[in-house]
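The structure appears right after this line, and notes come after that.
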Amino acid sequence: MEGRMSRGLRWGVLAAVFVVAGLLSGCVGGDSEDGTSEPSGTGGATVATGEAANLADADISVTLGATREFGIELSSPTAAAGEVTFGVTNGGKLPHGFAIARHDGDPGSLPQDGLNVDATQVDILADSGSMDPGATATITLDLEPGSYVIFSNTGGHYSAGMFIGFTVE
Ligand SMILES: [Cu+2]
């Protein structure tokens, strides 16, 4: 009886680990697949990649890695509060990603864990995952007025300066 209980408990723990692993891989995956993800993060973001990403829908155009490999350019540094769609193009030679977090002050001062933004301390509202050179994505989320940081969440890119401030009015 006791053995059966602990075996059941072990399977339960194992199942929980698989669920967590699935969620984690879902957050960073989808780099080359076409499709639309389930809402992720507290912003309830919708991320569309590949053919599902229609850049014509974008309110803000975001170019990654174009004039500077670890740089980000925005068509506008501000947007009106409410639903905002970012149309993202990786114009660089390396894989890059689009991530956004609410943050007051210096956009370079997000807490880091080693070379990366510390996701245990930063509420990342949306993350495109890694995008190959030339890849496109649209990210739609509801934004409240305030200061935000848009950054590349690809390994080490934030610490290399791949971020830019963004204001919602
Ligand atoms: Cu990057």
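Every read-out reported here was derived from the displayed coordinates using simple, explicitly stated rules and does not represent laboratory data. Please read these numbers as outputs of a predicted model, since none were measured by experiment. A quick note on method: Cβ atoms are made from the backbone with ideal geometry, for glycine too, and the neighbour counts reach across all protein chains shown.
Per-structure values
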item	result
Residue list for the range 136-157, restricted to those being among the small types (Gly, Ala, Ser) and buried (at least 23 other Cβ atoms within 10 Å of the Cβ)	Ala137, Ser152
Exclusive hit being touching a residue at least 24 places away in the same chain (Cβ under 8 Å), surrounded by fewer than 15 Cβ atoms within 10 Å (Cβ to Cβ) and within 12 Å of the ligand (Cβ to nearest atom), set Ala80, Ala66	Ala66
Boolean, Asn54 is within 13 Å of the ligand (Cβ to nearest atom) and either in contact with a helix residue (DSSP H, G or I) (Cβ under 6 Å, 6 or more places away or on another chain) or closer than 25 Å to Gly35 by Cβ (or both)	no
Whichever residue in the range 105-135 is more than 15 Å from the ligand (Cβ to nearest atom) and β-branched (Val, Ile, Thr) and, among such residues, is surrounded by the most Cβ atoms within 10 Å (Cβ to Cβ)	Val122
Residue satisfying all of: in the range 87-104; away from the ligand (no atom under 15 Å from the Cβ) and charged (D, E, K, R); surrounded by the fewest Cβ atoms within 10 Å (Cβ to Cβ) among these	Asp104
Residues satisfying the stated conditions in the range 75-87, i.e. within 14 Å of Gly165 (Cα to Cα) and part of a loop (DSSP other than H, G, I, E, B)	Ser75, Ser76, Pro77
Residue count, the range 119-169 (criterion: charged (D, E, K, R) and more than 11 Å from the chain's Cα centre (by Cα))	4
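This table checks each residue for (1) crowded, with 24+ Cβ neighbours inside 10 Å; (2) basic (Lys, Arg); (3) under 25 Å from Gly50 (Cβ atoms); (4) away from the ligand (no atom under 16 Å from the Cβ).
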| position | (1), (2), (3), (4) |
| --- | --- |
| Ser75 | no, no, yes, yes |
| Thr85 | no, no, yes, yes |
| Ser159 | no, no, no, no |
| Ile164 | no, no, yes, no |
